[in-house]
Amino acid sequence: MITVTGLTKRYGPTTAVDGLSFEVRPGLVTGFLGPNGAGKSTTLRMILGLDAPTGGSALVDGAPYTTLGRPLHRVGALLDATAVHGGRSGRRHLAALARSNGIGRARVTEVLAEVGLADAAGKRAGAYSLGMKQRLGIAAALLGDPSVLIFDEPVNGLDPEGVRWIRLLLRRLAAEGRTVLVSSHLMSEMEHTADHLIVIGRGRLLADCGMAEFVARG
Ligand code: ADP
Ligand code: ADP
């Protein structure tokens, strides 16, 4: 469960997130929808403790991310997959993350297979296509078998098969009872994936309702 209350972030004169409050419940795919610049990434970064709020709070199972023990086992996140670079292979990349979080090697092999990177695992991650980088980022998010998953624009850069794969993955993670929050600037993407929608614009909440209700409203 994610609980956001009065969450606010200002960058100088820019208010990126403006008093947002919402909950993200387990067992559902919750879509986080808004145009570019609406404040989605800033909100997700604050939930993940990567940015400090100017006001309000963002809690995971009742506590700030930065205070969670074994955080990778609690929350997995895919943020900017284009940030993957350098000479390390996909496998080494995940192995380093696993090691620093007390996760065994067998789990690395397992998640590489799960995201379809088994064959490319030994190749330089920096040379991966964007779609492969997305899959590597998702493997990192799944590594700790977390109960909360946060994906920022996960279908960006994926081919149609990759997009279908992500949709099925999100559905499965929610069906397993996990909390799944996925951002997009495309309603067309959300229609295929989300059960619940949180819509923001200019940092403010515009809608928080079931997908069916949102579609019925027009
Ligand atoms: P979204 O993810 O919905 O596209 P962002 O959260 O990236 O939106 O951005 C929301 C607003 O905050 C935008 O106006 C953006 O320019 C601004 N912003 C985001 N990060 C920074 C930053 N580090 N410094 C200054 N402004 C920022
Ligand atoms: P280090 O292992 O170098 O001390 P971290 O463990 O904080 O540093 O992060 C290592 C890598 O794991 C970074 O690329 C970071 O983006 C990624 N990462 C951190 N937290 C998560 C998470 N909850 N889910 C997925 N990847 C994460």
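The values are calculated or read from the model by the stated rules, or taken from the named source; none is laboratory data. No experiment lies behind these values; they were computed from the predicted model shown. Here the Cβ positions follow ideal geometry from the backbone for every residue, glycine too, while neighbour counts run over all protein chains shown. Keep in mind that these areas ignore ligands, DNA and RNA; they rest on the heavy atoms of the full protein, side chains included. Shrake-Rupley method; radii C 1.70, N 1.55, O 1.52, S 1.80 Å.
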| In this structure, does Ala77 turn out to be buried (at least 22 other Cβ atoms within 10 Å of the Cβ), without any contact (Cβ under 8 Å) to a residue 60 or more places away in the chain and in contact with an Asp or Glu (Cβ under 9 Å, 6 or more places away or on another chain)? | no
| request: Quick one: in region 91-101, of everything that is within 20 Å of the chain's Cα centre (by Cα) and either over 12 Å from Ile138 (Cα atoms) or surrounded by fewer than 19 Cβ atoms within 10 Å (Cβ to Cβ) (or both), which residue is farthest from ligand 2 (Cβ to nearest atom)? | output: Ala98
| query | Restricting attention to region 51-60, does a residue exist that is within 16 Å of ligand 1 (Cβ to nearest atom) and charged (D, E, K, R)? | reply | yes
| said: For region 60-69, check the following and say yes or no: at least one residue is on the phi > 0 side of the Ramachandran plot, of a type in the set (Asp, Glu) and within 18 Å of the chain's Cα centre (by Cα). | reply: yes
| note | region 123-218: helices (runs of 4 or more DSSP H) wholly inside it with 3 or more residues that are of a type outside the set (Lys, Arg) and surrounded by 18 or more Cβ atoms within 10 Å (Cβ to Cβ) are 130-142, 160-175, 187-193
| field | Exclusive hit being in contact (Cβ under 8 Å) with a residue 24 or more places away in the chain, open to solvent by 40 Å² or more (accessible area, probe 1.4 Å) and out of contact with any Pro (no Cβ under 7 Å at 6 or more places or on another chain), set Gly104, Gly62 | value | Gly62
| request: Answer with yes or no whether Asp18 is within 16 Å of ligand 2 (Cβ to nearest atom) and over 23 Å from Leu170 (Cα atoms). | output: no
| field | One residue from Thr30, Thr43 being crowded, with 21+ Cβ neighbours inside 10 Å, touching a residue at least 60 places away in the same chain (Cβ under 8 Å) and touching a His at 6+ places or on another chain (Cβ under 7 Å) | value | Thr30
